[in-house]
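The values are calculated or read from the model by the stated rules, or taken from the named source; none is laboratory data. Not measured: the values here are computed from a predicted model. Every residue, glycine as well, gets a Cβ built from its backbone with ideal geometry; the counts of neighbours run over all protein chains shown.
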Amino acid sequence: MEIMSETSKIGVRRVTRRDLGVALASITAMEACRRSPRQKYTGALNGFNDKVDTAAFNPMLHTRKLQESAPLRMTFRAKTRAEAEQWQRSLRAKVLELVGGFPEKRSPLQPQTLEVRDFPGYRREKFVFQSRPDLTVLGYLLAPKDAEPPYAPVIALPGHGRGVDDLVGIDRKGRDRTVKVDYQYDYAVQVVEHGMAAVAIEPIGFGCRRDPRERDGPARNGLDQFACYPWASAALLFGQTTMGWRVYDVSRTIDWIETRKELDPARVGCMGISNGGECTIWAAAIETRIRAAFASGSLNTFRDSIMSYIHCIDCYVPGILNWAEMYDVAGLTAPRAFFAESGEKDVIFPTSGSRASFERVKRIYEVFGAGALAEQEVFDGPHRFRGKRGLPFLPNISVAGISADRACPPGSREFESLLAQLRMAFDDHRPPQDFFRSKRKIKRSTCFLNKEEIGFHTSRFPVDSRLVSSSPRATSSLNWCRAGRLAS
Ligand SMILES: [Zn+2]
């Protein structure tokens, strides 16, 4: 009835120019349909594909073309170590500029311990500190009970999900769990099980550092798809980036580590999966106090990952492809130790891109004479943390990373710590106990560090010595020591 009355109304109405326009459009549409009768309407180009270049309507093809001709003005081309070091200085400064820079002045940390709890095998401290005057970082320090301090601290960064709780054995309801689940598998707990201290921090925008509307809303046990967008987009309006903010928090975490007697600032590692792995790569590139980086499910090319898949906006650094690809950014870690792992079935960071990117990273390390300090594991699995080779690797790389890197300035606390460790190692012809965690599974192997390398760190030190090193992975250890020799 309603339809009938409406029709009759139209029937007596005067025909307007608008009506004529509608009628004309209908005829054109009918004509288009007649030409391709089976085609379902998908948009204004239906029926006109033979009249226009449809590829020129495709924004992805446009970005691909841009990528193919991306300037990459500062991509790695060095042939010698000296050239490579010069390249690093220039690109590191550029990368810091692109992520938005760091504040000129570091504000007081004002650290505070919120809670200390004992667990079998480790002690867990919940702490906060001020990264910036109006930004507080929350973290957990997991310190091993069966190792002697000072411990090698590994900064652990979560990927998208529930935030830092998902790294330290806390389930969705805030209860302690012992079964390692979800895609991150409590890797901070795994770090402490490997004899190092884990310093797991909440990145800005994740977990308890989310927009309260998000944090306390229905997605409180995770992230809504666009949870990061309001504040991460706002950062861009100030010429800043989420990555810059997160990297600065990592840098401030090292400042915090330096205030803790039980942690060794000369052996700082950094690790994470997914966005946490991306952040690890950028952090290790910029912050040279990081001695070892472990990027899980993240090393790739920008082209094959965040340009080809819908990623969170917090992964994007404006302008980077004018200067460098991800392998160049990762190459800024050389010759400090670098480990990458990827699952064959990772659809977010496809392994083809991971392998290609790692090959480029490896080449950079080889120019530094430190090829063995960059390793990759590709495993059969999806986008998830594995750590099978990466975690046993960390205690070794934190040692080798120190000895291979010339950036340790004499007179610094880091230098003094290194010197003390080396002296102890060589005096006793065995490594300090805290170098490696596993006293139970030790296999022994003999490694040599050459004169120049030790001589770089100290002219006072007796250099004609053998370092007898032991580690959970003797082969790996041997490789590192060789790498250390090569790196000098
Ligand atoms: Zn995000």
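Taking residues in the range 141-161 that are over 20 Å from residue 115 (Cα atoms), and partners anywhere that are aromatic (Phe, Trp, Tyr) and surrounded by fewer than 23 Cβ atoms within 10 Å (Cβ to Cβ), the pairs with Cβ atoms closer than 8 Å and at least 6 places apart or on different chains are 159/183; 161/183. Among the residues here, residue 80 does not qualify as surrounded by fewer than 21 Cβ atoms within 10 Å (Cβ to Cβ) and assigned by TED's automatic domain parsing to the domain that holds residue 208.
Restricting 189, 179 to those that are within 26 Å of residue 393 (Cβ to Cβ), outside any strand (DSSP E or B) and free of Cβ contacts under 8 Å to residues at least 12 places away in the same chain reduces the list to 179. Considering 255, 249, which residue is within 25 Å of residue 94 (Cβ to Cβ) and within 15 Å of the ligand (Cβ to nearest atom)? Only one candidate qualifies: 249.
For the range 187-199, the criterion of being buried (at least 22 other Cβ atoms within 10 Å of the Cβ) and within 16 Å of the ligand (Cβ to nearest atom) is met by none of the residues. Among the candidates 244, 205, 272, the residue that is within 16 Å of the ligand (Cβ to nearest atom), assigned to a helix (DSSP H, G or I) and not acidic (Asp, Glu) is uniquely 244. What about residue 128, is it β-branched (Val, Ile, Thr) and over 23 Å from residue 336 (Cα atoms)? It is true that residue 128 is β-branched (Val, Ile, Thr) and over 23 Å from residue 336 (Cα atoms). Each residue in the range 135-167 was checked for being within 16 Å of the ligand (Cβ to nearest atom), among the charged types (D, E, K, R) and surrounded by fewer than 24 Cβ atoms within 10 Å (Cβ to Cβ), and 1 pass.
Is it the case that some residue within the range 276-283 is within 14 Å of the ligand (Cβ to nearest atom), modelled with pLDDT under 95, among the small types (Gly, Ala, Ser) and within 24 Å of residue 185 (Cβ to Cβ)? No, the range 276-283 has no match at all.
Identify the residue in the range 96-134 that is assigned to a strand (DSSP E or B) and of a type in the set (Phe, Trp, Tyr) and, among all such residues, is surrounded by the fewest Cβ atoms within 10 Å (Cβ to Cβ). Restricting to residues being assigned to a strand (DSSP E or B) and of a type in the set (Phe, Trp, Tyr), the top hit is 119. Which one is farthest from the ligand (Cβ to nearest atom) among residues in the range 303-316 that are surrounded by fewer than 24 Cβ atoms within 10 Å (Cβ to Cβ) and under 13 Å from the mean Cα position of the chain (by Cα)? Here the residue is 316. Of all residues in the range 290-302, those being more than 16 Å from the ligand (Cβ to nearest atom) and either over 9 Å from residue 326 (Cβ atoms) or assigned to a strand (DSSP E or B) (or both) number 7. When the range 209-225 is filtered for residues that are in contact with an Asp or Glu (Cβ under 9 Å, 6 or more places away or on another chain) and more than 15 Å from the ligand (Cβ to nearest atom), the ones remaining, listed by number, are 217, 218, 220. In this structure, does residue 260 turn out to be closer than 22 Å to residue 103 by Cβ, assigned by TED's automatic domain parsing to the domain that holds residue 202 and away from the ligand (no atom under 16 Å from the Cβ)? Here the answer is no, as residue 260 does not meet what is asked. Can you tell me which residue within the range 329-344, out of those that are more than 14 Å from the chain's Cα centre (by Cα) and crowded, with 23+ Cβ neighbours inside 10 Å, is nearest to the ligand (Cβ to nearest atom)? The extreme case among them is 343.
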